[in-house]
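Asker: One structure, as C-alpha coordinates, below. Some questions next.
The values are calculated or read from the model by the stated rules, or taken from the named source; none is laboratory data. Nothing here was measured: the structure is a model prediction, and the numbers come from that model. All Cβ positions, even for glycine, are placed from backbone atoms using ideal geometry, and neighbour counts span all protein chains on display. The protein model used for the area step is the full one, side chains on, heavy atoms only, and it has no ligands, DNA or RNA in it. Shrake-Rupley method; radii C 1.70, N 1.55, O 1.52, S 1.80 Å.
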Amino acid sequence: MTPSTKQALAASLKKLLRRKFLDDITVKEIVADCSVNRQTFYYHFQDIYDLLHFLLEEETGAVLADCSSWQESLLRAFQYIQDEHTMVYHVFLSDGREHLDCQMYALARRIVEDELTRCAGDLLLAEEDRSFLVRFYMHALAGMMIGWMAQDMREEPEDLVAQTARLLDGDLRRKAEQFAGVLA
(Lines give C-alpha, C1' and ligand atoms only; values in the text may rest on other atoms or scores of the structure.)
Protein backbone atom coordinates (compact mmCIF):
# COMPACT_ATOMS: atom_id res chain seq x y z
CA MET A 1 0.00 0.00 0.00
CA THR A 2 1.18 3.44 -0.85
CA PRO A 3 0.82 5.73 2.16
CA SER A 4 0.76 8.81 -0.05
CA THR A 5 -2.21 7.47 -2.03
CA LYS A 6 -4.09 6.69 1.17
CA GLN A 7 -3.32 10.15 2.50
CA ALA A 8 -4.41 11.75 -0.78
CA LEU A 9 -7.74 9.89 -0.59
CA ALA A 10 -8.13 10.99 3.04
CA ALA A 11 -7.34 14.60 2.10
CA SER A 12 -10.00 14.45 -0.61
CA LEU A 13 -12.57 13.13 1.83
CA LYS A 14 -11.67 15.85 4.32
CA LYS A 15 -11.99 18.51 1.62
CA LEU A 16 -15.40 17.16 0.57
CA LEU A 17 -16.56 16.92 4.20
CA ARG A 18 -15.94 20.62 4.57
CA ARG A 19 -18.59 21.19 1.89
CA LYS A 20 -21.14 18.41 2.32
CA PHE A 21 -22.50 15.70 4.57
CA LEU A 22 -20.79 12.32 4.60
CA ASP A 23 -24.00 10.68 3.37
CA ASP A 24 -23.84 12.82 0.21
CA ILE A 25 -20.24 11.99 -0.71
CA THR A 26 -19.53 9.28 -3.26
CA VAL A 27 -16.44 7.26 -4.09
CA LYS A 28 -16.68 8.76 -7.57
CA GLU A 29 -16.25 12.28 -6.13
CA ILE A 30 -13.32 11.25 -3.95
CA VAL A 31 -11.38 9.57 -6.76
CA ALA A 32 -12.11 12.44 -9.15
CA ASP A 33 -10.83 14.94 -6.60
CA CYS A 34 -7.48 13.20 -6.18
CA SER A 35 -7.18 11.96 -9.78
CA VAL A 36 -7.09 8.23 -9.15
CA ASN A 37 -9.42 5.54 -10.39
CA ARG A 38 -12.09 3.65 -8.48
CA GLN A 39 -9.96 0.52 -8.45
CA THR A 40 -7.21 2.41 -6.60
CA PHE A 41 -9.73 3.51 -3.97
CA TYR A 42 -10.90 -0.08 -3.41
CA TYR A 43 -7.34 -1.34 -3.33
CA HIS A 44 -6.79 0.76 -0.20
CA PHE A 45 -10.26 0.96 1.40
CA GLN A 46 -13.37 -1.20 1.58
CA ASP A 47 -15.73 1.78 1.45
CA ILE A 48 -16.09 5.42 2.43
CA TYR A 49 -16.50 4.48 6.10
CA ASP A 50 -13.18 2.65 6.04
CA LEU A 51 -11.59 5.78 4.55
CA LEU A 52 -13.32 7.91 7.21
CA HIS A 53 -11.87 5.66 9.92
CA PHE A 54 -8.40 6.09 8.42
CA LEU A 55 -8.85 9.88 8.21
CA LEU A 56 -10.01 10.13 11.82
CA GLU A 57 -7.12 7.96 13.02
CA GLU A 58 -4.62 10.12 11.14
CA GLU A 59 -6.13 13.33 12.47
CA THR A 60 -6.22 12.00 16.04
CA GLY A 61 -2.58 10.99 15.86
CA ALA A 62 -1.59 14.45 14.65
CA VAL A 63 -3.68 16.18 17.33
CA LEU A 64 -2.19 14.16 20.18
CA ALA A 65 1.41 14.21 18.95
CA ASP A 66 3.83 15.61 21.51
CA CYS A 67 1.24 16.39 24.19
CA SER A 68 2.82 16.52 27.62
CA SER A 69 -0.30 16.16 29.77
CA TRP A 70 -3.84 14.87 29.64
CA GLN A 71 -5.07 18.46 29.88
CA GLU A 72 -3.10 19.46 26.80
CA SER A 73 -4.34 16.39 24.93
CA LEU A 74 -7.95 17.11 25.82
CA LEU A 75 -7.59 20.80 24.96
CA ARG A 76 -6.07 19.97 21.58
CA ALA A 77 -8.91 17.52 20.90
CA PHE A 78 -11.55 20.13 21.70
CA GLN A 79 -9.73 22.76 19.67
CA TYR A 80 -9.41 20.44 16.67
CA ILE A 81 -13.14 19.66 16.80
CA GLN A 82 -13.89 23.37 17.06
CA ASP A 83 -11.49 24.29 14.23
CA GLU A 84 -12.94 21.58 11.99
CA HIS A 85 -16.54 22.08 13.15
CA THR A 86 -18.06 21.96 9.66
CA MET A 87 -16.30 18.71 8.78
CA VAL A 88 -17.12 17.23 12.18
CA TYR A 89 -20.81 18.15 11.93
CA HIS A 90 -21.00 16.71 8.44
CA VAL A 91 -19.98 13.39 9.97
CA PHE A 92 -21.84 13.87 13.28
CA LEU A 93 -25.16 14.39 11.48
CA SER A 94 -24.73 11.46 9.10
CA ASP A 95 -25.05 7.71 9.03
CA GLY A 96 -21.31 7.59 9.72
CA ARG A 97 -21.67 9.16 13.14
CA GLU A 98 -20.81 5.92 14.90
CA HIS A 99 -17.32 6.19 13.41
CA LEU A 100 -16.91 9.64 14.93
CA ASP A 101 -18.23 8.42 18.28
CA CYS A 102 -15.84 5.46 18.19
CA GLN A 103 -12.98 7.83 17.45
CA MET A 104 -13.93 10.00 20.43
CA TYR A 105 -13.82 6.90 22.64
CA ALA A 106 -10.48 5.84 21.17
CA LEU A 107 -9.09 9.33 21.72
CA ALA A 108 -10.36 9.41 25.31
CA ARG A 109 -8.96 5.91 25.94
CA ARG A 110 -5.54 7.01 24.73
CA ILE A 111 -5.61 10.11 26.94
CA VAL A 112 -6.62 8.08 30.02
CA GLU A 113 -4.17 5.24 29.37
CA ASP A 114 -1.31 7.68 28.94
CA GLU A 115 -2.25 9.54 32.12
CA LEU A 116 -2.72 6.36 34.15
CA THR A 117 0.70 5.14 33.04
CA ARG A 118 2.23 8.53 33.88
CA CYS A 119 0.65 9.01 37.29
CA ALA A 120 0.31 5.43 38.53
CA GLY A 121 2.88 3.44 36.62
CA ASP A 122 4.66 2.59 39.87
CA LEU A 123 1.57 0.88 41.36
CA LEU A 124 0.85 -2.81 41.10
CA LEU A 125 -2.61 -2.74 39.57
CA ALA A 126 -4.40 -5.90 38.54
CA GLU A 127 -5.09 -5.80 34.80
CA GLU A 128 -8.87 -5.95 35.34
CA ASP A 129 -8.65 -2.97 37.73
CA ARG A 130 -6.50 -1.01 35.30
CA SER A 131 -8.93 -1.81 32.51
CA PHE A 132 -11.89 -0.72 34.65
CA LEU A 133 -10.27 2.61 35.53
CA VAL A 134 -9.44 3.29 31.88
CA ARG A 135 -12.98 2.42 30.76
CA PHE A 136 -14.60 4.54 33.47
CA TYR A 137 -12.61 7.69 32.75
CA MET A 138 -12.69 7.05 28.99
CA HIS A 139 -16.50 7.07 29.05
CA ALA A 140 -16.50 10.29 31.06
CA LEU A 141 -14.19 12.14 28.67
CA ALA A 142 -15.71 10.76 25.46
CA GLY A 143 -19.23 11.43 26.71
CA MET A 144 -18.24 14.98 27.51
CA MET A 145 -16.79 15.53 24.01
CA ILE A 146 -19.79 13.97 22.26
CA GLY A 147 -22.22 15.93 24.44
CA TRP A 148 -20.32 19.13 23.69
CA MET A 149 -20.62 18.47 19.96
CA ALA A 150 -24.33 17.71 20.33
CA GLN A 151 -24.80 21.03 22.18
CA ASP A 152 -23.30 23.01 19.27
CA MET A 153 -19.93 23.47 20.98
CA ARG A 154 -21.19 26.38 23.06
CA GLU A 155 -18.56 26.20 25.80
CA GLU A 156 -14.98 27.26 25.20
CA PRO A 157 -12.48 24.38 25.11
CA GLU A 158 -10.25 26.07 27.69
CA ASP A 159 -13.18 26.36 30.11
CA LEU A 160 -14.14 22.71 29.67
CA VAL A 161 -10.58 21.53 30.25
CA ALA A 162 -10.22 23.78 33.31
CA GLN A 163 -13.45 22.42 34.81
CA THR A 164 -12.44 18.85 34.02
CA ALA A 165 -9.02 19.44 35.56
CA ARG A 166 -10.61 20.74 38.76
CA LEU A 167 -12.64 17.57 38.91
CA LEU A 168 -9.99 15.05 37.88
CA ASP A 169 -6.56 16.38 38.86
CA GLY A 170 -5.06 13.79 41.17
CA ASP A 171 -8.20 11.68 41.06
CA LEU A 172 -6.83 8.99 38.75
CA ARG A 173 -3.79 8.51 41.00
CA ARG A 174 -5.97 8.30 44.13
CA LYS A 175 -8.30 5.77 42.52
CA ALA A 176 -5.36 3.72 41.26
CA GLU A 177 -3.95 3.70 44.80
CA GLN A 178 -7.29 2.52 46.15
CA PHE A 179 -7.50 -0.26 43.59
CA ALA A 180 -3.89 -1.26 44.29
CA GLY A 181 -4.64 -1.41 48.03
CA VAL A 182 -2.26 1.43 48.89
CA LEU A 183 -5.09 3.46 50.45
CA ALA A 184 -7.55 1.95 52.88
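Asker: So, in nm, how far is label E155 from label D122 when the simple model puts each one 7 Å beyond its Cα toward the Cβ?
Answerer: 3.3 nm
Asker: Then there's this: Counting only pairs 8 or more places apart or on different chains, how many lysine pairs in the chain have C-alpha atoms closer than 29 Å?
Answerer: 7
Asker: Please sort by residue number the chymotrypsin sites (Phe, Trp or Tyr not before Pro) in region 1-104 whose DSSP state is loop and whose Cβ has at most 15 other Cβ atoms within 10 Å.
Answerer: Hits after loop and neighbour filter: nothing returned.
Asker: Determine the distance separating the Cα centre of region 37-55 from the Cα centre of region 76-145; give it in Å without decimals.
Answerer: 25 Å
Asker: Before I look further, what does region 135-176 give for accessible area per residue, probe 1.4 Å, in whole square angstrom? Before the final figure, lay out the partial values.
Answerer: Details: 2320 Å² over 42 residues.
So region 135-176 comes to 55 Å² accessible per residue, rounded to a whole number.
Asker: Let me ask something else about it. Nothing charged except the Cβ atoms of Lys and Arg (+1) and of Asp and Glu (-1): what's the magnitude of the dipole of region 117-184 about its Cα centre? Round to the nearest 20 debye.
Answerer: The dipole of region 117-184 has a size of about 180 debye.
Asker: Of the heavy-atom accessible surface of region 1-137 (probe 1.4 angstrom), what whole percent is carbon and sulfur?
Answerer: Whole-percent figure for carbon plus sulfur exposure: 50.
Asker: Given a 1.4 Å probe, how much area per residue of region 9-65 is accessible, in Å²?
Answerer: Each residue of region 9-65 exposes 52 Å² on average to a 1.4 Å probe.
Asker: Oh, and also: Calculate the spin-label point distance for K20 paired with E113, positioning each point 7 Å from the Cα along the beta-carbon direction, and give it in nanometres.
Answerer: Going by the 7 Å Cα→Cβ label model, 3.6 nm.
Asker: Now a separate question. Dipole magnitude of the chain about its Cα centre, charges +1 at Lys/Arg Cβ and -1 at Asp/Glu Cβ only, in debye to the nearest 20?
Answerer: Working: 20 positive and 31 negative charges, 67 e Å.
So the magnitude is around 320 debye.
Asker: Could you give the angle, 0 to 90 degrees to the nearest 10, between helix 70-83's Cα long axis and the longest principal axis of the Cα atoms of the chain?
Answerer: That works out to roughly 30 degrees.
Asker: Next up: What do you get for Rg/Rh of the chain when both radii come from the Cα atoms and Rh is the Kirkwood radius?
Answerer: With Rh from the inverse mean 1/r over Cα pairs, Rg/Rh is 1.05.
Asker: Take every Cα pair under 8 Å in the chain that's 6+ residues apart, average their separations, divide by the length, and report that relative contact order as a whole percent.
Answerer: RCO, the chain: 23 percent.
Asker: Give me the extension gain from A32 to D169: residue separation times 0.36 nm, minus the current Cα-Cα distance, reported in nm with one decimal.
Answerer: Residue separation times 0.36 nm, minus the Cα-Cα distance, leaves 44.5 nm.
Asker: May I pose another question? Sorting E128, E177, E156 by accessible area (1.4 Å probe), largest first, what list results?
Answerer: From most exposed to least exposed: E128, E156, E177.
Asker: Give me a comma-separated list of calculated 3J(HN,Hα) values for region 91-108, in order, Karplus coefficients 6.51, -1.76, 1.60 applied at θ = phi - 60°, integers in Hz, x for any Gly or Pro.
Answerer: So the Karplus estimates, Gly and Pro as x, are 8, 4, 9, 10, 5, x, 4, 4, 5, 5, 4, 4, 5, 5, 5, 5, 4, 5 Hz.
Asker: When the helices in the chain are scored as -39500 (n - 2.57) per DSSP H run of 4 or longer and the sum is shared across all residues, what 222 nm value do you end up with, to the nearest 500 deg cm²/dmol?
Answerer: Working: 10 runs with 138 residues, N = 184.
Taken over the chain, the calculation gives -24000 deg cm²/dmol.
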